[in-house]
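A quick write-up on the structure given underneath.
Read the figures in this text as sums done on the coordinates, not as results from a lab. From a predicted model like this one, the values you see are computed outputs, not experimental measurements. All Cβ positions, glycine included, derive from the backbone under ideal geometry; neighbour counts span all protein chains shown.
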Amino acid sequence: MNGSEQFDFRKMSFYQIWVRSFADGNHDGIGDLYGVYDRLEYIKELGVDGIWFSPIFPSPNADYGYDISDYKNIHPDYGDLEQFRKVLDKAHSLGLKVLLDLVINHTSDEHPWFIESCKGRDNPCSDYYIWRDPRFSKETRLPPNNWYSQFEGLAWEYHPGRGQYYLHVFARKQPDLNMDNPDVREEVKSIMRFWLDMGVDGFREDVITFISKDKRLPDGIPFLPAINGLPFYNEGPNLHAYLREFRQVAMEYGAVQIGEAPFTSAKNARKFVIGDDRVLDMMIQFETMSADCFLTDYIHLPFSLRKLKRAFSKWQKAMGEDGWNALYLENHDHPRVIDRYGSLEYWRESGTMLAACYILQRGTPFIYQGQELGMTNIALQSIDQYLDVVSKNAYHRFHLNEPIQKRLQRIQVSSRDSARTPVQWSMETNAGFSDSEPWFYINPNYRTVNAAGEEKDPDSILNFYRKCLRLRKSESALLSGSYREYARLRRHIYVYERQYQSEKVLVICSFSKREESFRLPEVYRKKNTVLLLDNYPGKRCFSAGQKRIRLKPYEVVVLKAAAAAEDGSLP
Ligand code: GLC
Ligand code: CA
């Protein structure tokens with residue numbers, strides 16, 4: 001590698017901030033960088049090593065920041081460049097890395113490039129976006145092909161001024177950039193340099209696997225409308241070439257790059273993240289977020305642990321010894337995980353078990369704001385209260401024959417808005433998020449689910465996250481060991497082993513409301529097996545030497561086998 005040495009992201013873990021709902025520092029009801037500044041110690045004490053900020057740039061918020069209108073500035077709701085520098089400096093002084101979100105598949109339709117581009121076919125930005133002439137059937141004007149967008153109706157919007165359609169794979173207000181235009185790629189590099197020069201440590205790269213389109217833009221197969229164009233823009237023809245260009249810039253600074261890859265298979269992922277000449281360091285896959293749905297959260301199914309385990313193990317195996325996973329169970333795009341994969345009835349137990357079940361896998365864990373508190377979904381009573389463009393579109397387009405209550409329920413279990421309610425800091429007014437009226441609804445459970453209360457409770461979800469992150473760092477098997485799954489066919493428990501040289505750690509997770517039992521592998525039946533972690537308070541049933549372990553509802557137990565030289569091989 002030329003340029004600066006890259007930092008060791010494999011030993012780290014990250015905290016994701018969706019700033020609008022994190023903490024309000026200037027009393028207007030909107031989370032901001034002043035609030036972040038004041039809470040950096042909290043993040044540090046959680047035991048993470050860095051922060052990923054969802055977009056903090058100027059944006060009309062058609063997609064809450066993922067529609068950017070100025071890449072080199074801070075959204076006025078969140079502060080300004082000076083305030084960002086303060087956050088960056090303080091984070092660095094606490095030993096925290098800072099990653100920004102690089103959203104370059106599309107811009108906002110209010111970005112000056114798009115405004116220019118709309119003006120005609122002969123201005124400098126004319127070719128910055130993907131414009132195509134209409135098709136005509138007799139007199140009727142039709143879009144250039146039959147693609148649907150992932151967020152909002154057809155993927156094409158007509159612009160009368162240009163007499164052409166522009167492509168938007170996401171919402172109408174998110175026109176796709178034309179990455180085949182070398183000027184656009186230079187803009188991307190210039191954006192990267194702007195932030196890297198300031199001292200930012202890397203990027204999470206939004207839907208990066210969509211940036212290269214098949215120029216022919218052919219009709220898609222009219223199956224599964226929302227993704228019928230996918231084969232022509234997912235991992236497109238020039239994707240690797242463009243990523244390599246961006247990688248050059250990142251390497252000059254030793255910056256880390258994490259690519260969001262919604263439809264990339266585990267097998268294909270290797271082509272991006274393996275070896276010194278890799279184009280990305282890790283990928284954010286979606287398979288482990290599909291254990292209770294089909295393709296999207298909006299096609300909801302009962303939770304299947306077998307499906308979740310298959311996805312976990314598939315990605316662990318695919319990355320193997322030479323690759324590396326980004327581990328997560330929550331972010332700003334999915335409802336809260338306790339509602340999905342855990343149990344509200346066993347809120348504390350399942351919230352803690354879920355923490356251990358993914359943080360102790362091989363990879364770099366990401367924790368989404370509020371996840372460490374066990375925040376849960378909000379159930380709003382009318383579709384008008386929801387803000388997310390995807391939820392609104394799903395409600396108004398699908399299942400129109402069903403009763404309103406049923407349609408609303410579909411949104412309640414699947415909406416991205418559930419991850420976007422303000423963070424619950426305390427049981428004070430507005431959950432301690434703001435002393436003014438908050439910009440969005442606060443989950444009414446804030447009186448029991450909040451940071452201040454959990455801080456004081458040694459058995460809280462918050463303190464368990466801290467324990468897991470500490471444990472991960474203190475055991476080389478957890479930090480760098482291999483991964484092996486046990487009891488693959490069991491429907492209610494998930495068991496895996498991490499091994500580094502002669503050290504072996506076993507993680508046993510129950511996803512059941514009943515008692516479960518598991519016969520320990522031989523090596524953990526010895527009298528010098530150590531109990532490293534358990535999510536039930538007080539003394540538990542495990543005692544060294546036992547053959548079988550009985551798990552209470554949603555219990556997780558982590559055992560360490562005695563080192564090989566000390567086990568039964570000695571007299
Ligand atoms: C990514 C983001 C999501 C956004 C979409 C379009 O999936 O995580 O929030 O809506 O890309 O930018
Ligand atoms: Ca504010």
Inset, instruction - Please report, in whole Å, how far the alpha carbons of segment 314-440 spread along each principal axis, starting with the longest. - result: 49, 41, 27
Inset, instruction - Determine, for each peptide in 398-406, 509-517, the mean count of other beta carbons within 10 angstrom over its residues, then list the peptides with the highest first. - result: 509-517, 398-406
Inset, instruction - Mind scanning Lys97/Lys467; Lys317/Lys392; Lys97/Lys513; Lys213/Lys307; Lys11/Lys271 and naming the pairs with a C-alpha gap bigger than 28 Å? - result: Lys317/Lys392; Lys97/Lys513; Lys213/Lys307
Legend entry - Label-to-label distance, nm, for residues given as Asp457 and Asp214 (7 Å Cα→Cβ offset): 5.3
Legend entry - Taking only Cα atoms of segment 261-358, radius of gyration then Dmax in Å: 14.3, 48
Inset, instruction - In square nanometres and to one decimal, what's the mean projected area of the convex hull around the Cα atoms of segment 500-564? - result: 4.2
Inset, instruction - Give me the angle, in degrees from 0 to 90, between the Cα long axis of helix 81-93 and the longest principal axis of the Cα atoms of the chain, rounded to the nearest 10. - result: 20
Legend entry - Cα-only radius of gyration and Dmax that characterise segment 375-501, units Å: 20.2, 59
Legend entry - Translational D in µm²/s for segment 430-469 (Stokes-Einstein at 37 °C, 0.692 mPa s, Kirkwood Rh from C-alpha pairs): 287
Legend entry - Rounded FRET efficiency, nearest 0.05, which uses the C-beta distance separating Glu45 from Glu515 and R0 of 51 Å: 0.90
Inset, instruction - Give the Kirkwood hydrodynamic radius (Å, one decimal) of segment 85-213, defined as one over the mean of 1/r across all pairs of different Cα atoms. - result: 16.3
Legend entry - Extent along principal axes [Cα atoms of segment 173-268; Å; largest to smallest]: 46, 30, 26
Inset, instruction - Compute log10 of I(q)/I(0) for segment 399-438 with the Debye formula, placing one identical point scatterer on every Cα and leaving out solvent, at q = 0.17, 0.29, 0.30, 0.32 Å⁻¹, to two decimals. - result: -0.61, -0.90, -0.93, -0.99
Inset, instruction - Grab every C-alpha pair in the chain, bin the distances at 20 angstrom width from 0 up to the longest one, and report whole percents. - result: 20, 54, 23, 2, 0
Inset, instruction - State, to one decimal in nm², a quarter of the convex hull surface area for the C-alpha atoms of segment 265-320, i.e. the direction-averaged projected area. - result: 4.0
Legend entry - Per-q log10 I(q)/I(0), segment 355-399, q = 0.18, 0.19, 0.20, 0.30 Å⁻¹ (Debye; single scatterer per alpha-carbon; no solvent): -0.74, -0.76, -0.78, -1.10
Inset, instruction - Give the long-range amide H neighbours of Ile104: residues separated by 5 or more places, or on another chain, with amide H under 5 Å away, using H modelled in the peptide plane at 1.01 Å from N. - result: Asp206
Inset, instruction - Using all C-alpha to C-alpha distances in segment 1-94, build P(r) with 10 Å bins and read off the rounded percent in each one. - result: 16, 45, 30, 9, 1
Inset, instruction - Could you please report the charge total around Leu142, scoring K, R as +1 and D, E as -1 over all other residues with beta-carbon less than 12 angstrom from its beta-carbon? - result: +1
Legend entry - For q = 0.12, 0.18, 0.20 Å⁻¹, Debye-computed log10 I/I(0) when each Cα of segment 20-145 counts as one equal scatterer: -0.58, -0.97, -1.11
Inset, instruction - Please state, as a whole number in µm²/s, the translational diffusion coefficient that the Stokes-Einstein equation yields for segment 449-571 at 37 °C and 0.692 mPa s, with Rh defined as the Kirkwood radius across alpha carbon pairs. - result: 214
Legend entry - Karplus (6.51, -1.76, 1.60) ³J(HN,Hα), θ = phi - 60°, over segment 175-189, in Hz, Gly and Pro reported as x: x, 6, 6, 8, 5, 6, 7, x, 5, 5, 5, 5, 4, 4, 5
Inset, instruction - Express as a percent, rounded to the nearest 5, the fraction of DSSP beta bridges in the chain (both residues included) that run antiparallel. - result: 60
Inset, instruction - Over all alpha-carbon pairs of segment 192-324, lay out the pair-distance distribution in 10 Å bins, whole %, shortest bin first. - result: 11, 35, 34, 17, 2
Inset, instruction - Let me have the 222 nm mean residue ellipticity of the chain computed from DSSP H runs of 4+ only, each contributing -39500 (n - 2.57), with the sum over all residues rounded to the nearest 500. - result: -7500 deg cm²/dmol
